[in-house]
Every structure is written in structure tokens, then in C-alpha cells.
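S.K.: The structure's right below; bear with me while I get my questions together.
The values are calculated or read from the model by the stated rules, or taken from the named source; none is laboratory data. This structure is a prediction, so every number in the text was calculated from the model and none was measured. Ideal geometry is used to build each Cβ from the backbone, glycine not excepted, and the neighbour counts take in all protein chains shown. Please note that ligands, DNA and RNA were not included when accessible areas were found on the heavy atoms of the full protein model with its side chains. Shrake-Rupley method; radii C 1.70, N 1.55, O 1.52, S 1.80 Å.
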Amino acid sequence: QVRLVESGGGLVQAGGSLRLSCAASGRTFSNYGMGWFRQAPGKEREFVAAITRSSGTTFYADSVKGRFTISRDNAKNTVFLQMNTLKPEDTAVYYCAGDISGSIYYTGSYNYWGQGTQVTVSS
């Protein structure tokens, strides 16, 4: 069992930056591919970014490519999402997810989820 806890959300002006963290419990964190999703009010949860177990490969949604960076520190059981040049349309609850079985873009492929952290970008 893995428990995921996100932090780092908040209110920021457009053009600003935030860094989200996701701390994982459990001893096998390094065995899991990890991802970030987001859900805006009235919308479905959507894929943002994912990273392989060894950090060798990263994946991004087109909407965040070039602005967001996913990384992980397996020694600290933590995955990060650096978000730069934020836009009002990035406003959402951001969720950390892990243990991928299937497509990285699909919520059903992830076995573990955090509780989410709110990101609000003002114009």
C-alpha cells in the first residue's frame, strides 16, 4: 500500500510559478511510475504529466509542454511538478497518482491517488 500526500498549491498571478510536491509512504516508491492529473470545476480529471520509475522518461500533456516539469527523488520518496508561466486555465485541483498499469494518460491506470492540492491562477 502506498499513501500519497500533495503539497505546494496556492494562489498565484498569471505568469508566476509554483512547485507541487507529492510525498509517498511505503518502501517501494521507486518501483512505481508516477503521474500528475488535474481537475477543474465541472470538468473531467485530465492528464498533466508522468515519469517513469527511473526518471528516464517523462511525458506531458500538450497544454503544459514547455511550461511544466515533472521530476522525482526516489531517495526522498517524492515526485515534483514545477509549474512555470502559469495561466488562468491551469486553475484546478492537482492530483498525484502512482503505480501505473496501462496507459499513462488514463486515470484508471493508476492504483494510488493523493487527496489533491488546489492551484488557482489569477488573471
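S.K.: Please state which of the following conditions Ala49 fails to meet, knowing it meets all the rest: (1) out of contact with any helix residue (DSSP H, G or I) (no Cβ under 6 Å at 6 or more places or on another chain); (2) closer than 17 Å to Val119 by Cβ; (3) modelled with pLDDT of 95 or more; (4) open to solvent by 50 Å² or more (accessible area, probe 1.4 Å).
M.R.: (4)
S.K.: Those residues that are at pLDDT below 95 and closer than 14 Å to Val5 by Cβ, I need them from the range 91-111; list them, please.
M.R.: Answer for the range 91-111, where residues must be at pLDDT below 95 and closer than 14 Å to Val5 by Cβ: just Gly98.
S.K.: Okay, next question. In this structure, does Ser101 turn out to be among the hydroxyl-bearing types (Ser, Thr, Tyr), surrounded by fewer than 17 Cβ atoms within 10 Å (Cβ to Cβ) and out of contact with any Leu (no Cβ under 7 Å at 6 or more places or on another chain)?
M.R.: yes
S.K.: Further question on the same structure: Residues that are at positive phi: which strands (runs of 3 or more DSSP E) entirely in the range 1-51 hold 1 or more of them?
M.R.: Of the strands (runs of 3 or more DSSP E) lying wholly inside the range 1-51, those with at least 1 residues that are at positive phi span 10-13.
S.K.: Considering only the range 55-77, state which residues are within 24 Å of Arg3 (Cβ to Cβ), out of contact with any strand residue (DSSP E or B) (no Cβ under 9 Å at 6 or more places or on another chain) and open to solvent by 60 Å² or more (accessible area, probe 1.4 Å).
M.R.: If the condition is that a residue be within 24 Å of Arg3 (Cβ to Cβ), out of contact with any strand residue (DSSP E or B) (no Cβ under 9 Å at 6 or more places or on another chain) and open to solvent by 60 Å² or more (accessible area, probe 1.4 Å), then Ala75 is the only one that fits.
S.K.: Something else now. Of all residues in the range 2-30 being of a type in the set (S, T, N, Q) and in contact (Cβ under 8 Å) with a residue 40 or more places away in the chain, which is farthest from Val121 (Cα to Cα)?
M.R.: Checking each candidate, the answer is Ser30.
S.K.: Of all residues in the range 22-38, which are at pLDDT 95 or above, more than 8 Å from the chain's Cα centre (by Cα) and either within 21 Å of Lys87 (Cβ to Cβ) or exposed (fewer than 15 other Cβ atoms within 10 Å of the Cβ) (or both)?
M.R.: Hits for the range 22-38: nothing passes.
S.K.: Here's something else I'd like to know. Six or more apart or on different chains, Cβ under 6 Å: which pairs go from a residue in the range 83-109 that's without any contact (Cβ under 8 Å) to a residue 60 or more places away in the chain to one that's among the aliphatic types (A, V, I, L, M)? Could you list them?
M.R.: Asp90/Val121; Thr91/Val121; Ala92/Ala40; Ser109/Ile100
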